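Asks: Just dropping this structure here.
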């Protein structure tokens with residue numbers, strides 16, 4: 001087997017090694033040696049999700065080792081993967097709840113710093129964009145089942161007020 005292969009080559013190799021039943025295909029972690037099959041994840045709703053994260057982690061660890069990624073590079077790549085997989089378009093942070101057990105971590109101050117300092121301008125820009133869209137067309141009108149015309153705000157007034165406060169917080 002070559003160091004790189006096409007998707008079709010991968011499938012052919014897996015079928016050759018493990019048979020046609022993909023649930024029995026085994027993945028071997030190059031770092032810890034753990035061997036797992038999709039079938040071992042169990043049956044039911046969580047089967048595909050469990051198999052997906054395991055396969056993704058194995059592939060990630062393998063690729064990180066092969067390219068010689070440093071810890072920082074691997075962490076950056078993991079966060080980038082996370083943001084792409086969850087369609088996160090702006091800044092985000094990860095908090096370990098266990099850190100709240102120790103005062104030196106001060107997770108609340110960390111989160112407040114993200115929102116009030118690091119992300120402040122980005123949040124205000126997004127709020128400004130949403131407010132401009134809302135101001136251009138604040139209500140929608142439709143006819144209900146009784147034939148009565150109804151009008152409602154497209155966005156809750158408290159959300160609009162929140163956007164305005166976010167924008168004012170940056171300008172202040």
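Asks: In vacuum, with every alpha carbon of the chain counted as one equal point scatterer, what does the Debye formula give for log10 I(q)/I(0) at q = 0.17 Å⁻¹? Two decimals, please.
Replies: The Debye formula, applied to the Cα set alone, gives -1.14.
Asks: Mean-square fluctuation check for the chain, GNM, Cα pairs under 10 Å: which of 97, 22, 77 is largest?
Replies: Looking only at 97, 22, 77, the largest GNM fluctuation is found for 97.
Asks: With a cut-off of 8 Å between alpha carbons and a minimum separation of six or more residues, what is the relative contact order of the range 7-86 in percent?
Replies: About 18 percent, as a whole number.
Asks: Taking only Cα atoms, what is the 0 to 90° angle, nearest 10, from helix 7-18's long axis to the longest principal axis of the chain?
Replies: The angle comes out at about 50 degrees.
Asks: Using a 7 Å offset from the Cα along the Cα-to-Cβ direction at both residue 94 and residue 156, what is the distance between the two label points in nm, to one decimal?
Replies: About 3.0 nm separates the two model spin labels.
Asks: When only C-alpha pairs under 8 Å and at least 6 residues apart count, what is the relative contact order of the chain, in percent?
Replies: Computed value for the chain: 11 percent relative contact order.
Asks: Calculate, for residue 66 and residue 15, the FRET efficiency according to 1/(1 + (r/R0)^6) with r their C-beta to C-beta distance and R0 25 Å; round to the nearest 0.05.
Replies: Once the sixth-power term is evaluated, E becomes 0.60.
Asks: Okay, next question. Pairs of Cα atoms under 8 Å, at least six residues apart: use those to get the relative contact order of the range 119-171, whole percent.
Replies: Answer for the range 119-171 is 46 percent.
Asks: Per-residue counts of other Cβ atoms within 10 Å, averaged by peptide: what ranking do you get for 119-127, 132-140, highest first?
Replies: 119-127, 132-140
Asks: What length, rounded to one decimal in nm, is gained on full extension from residue 129 through to residue 48, with 0.36 nm per residue of separation minus their alpha-carbon distance?
Replies: Using 0.36 nm per residue and subtracting the Cα-Cα distance, I get 25.4 nm.
Asks: Another question about this same structure. How many nm separate the modelled label positions at residue 114 and residue 136, each set 7 Å beyond the Cα in the direction of the Cβ?
Replies: 3.0
Asks: Still on this structure, I have one more. Tell me the label-point distance for the pair residue 80, residue 121, using the 7 Å Cα-to-Cβ offset, in nm and rounded to one decimal.
Replies: In this crude label model, residue 80 to residue 121 measures out at 2.3 nm.
Asks: Full-extension gain between residue 73 and residue 165, please, as 0.36 nm times their residue separation minus the C-alpha to C-alpha distance.
Replies: My answer for the length gained is 29.4 nm.
Each value in this text was obtained by applying a stated rule to the coordinates, not by laboratory testing. All of these numbers come straight from a predicted model, not from anything done at the bench. Positions of Cβ are generated from backbone atoms using ideal geometry, with glycine treated the same way; all protein chains shown enter the neighbour counts.
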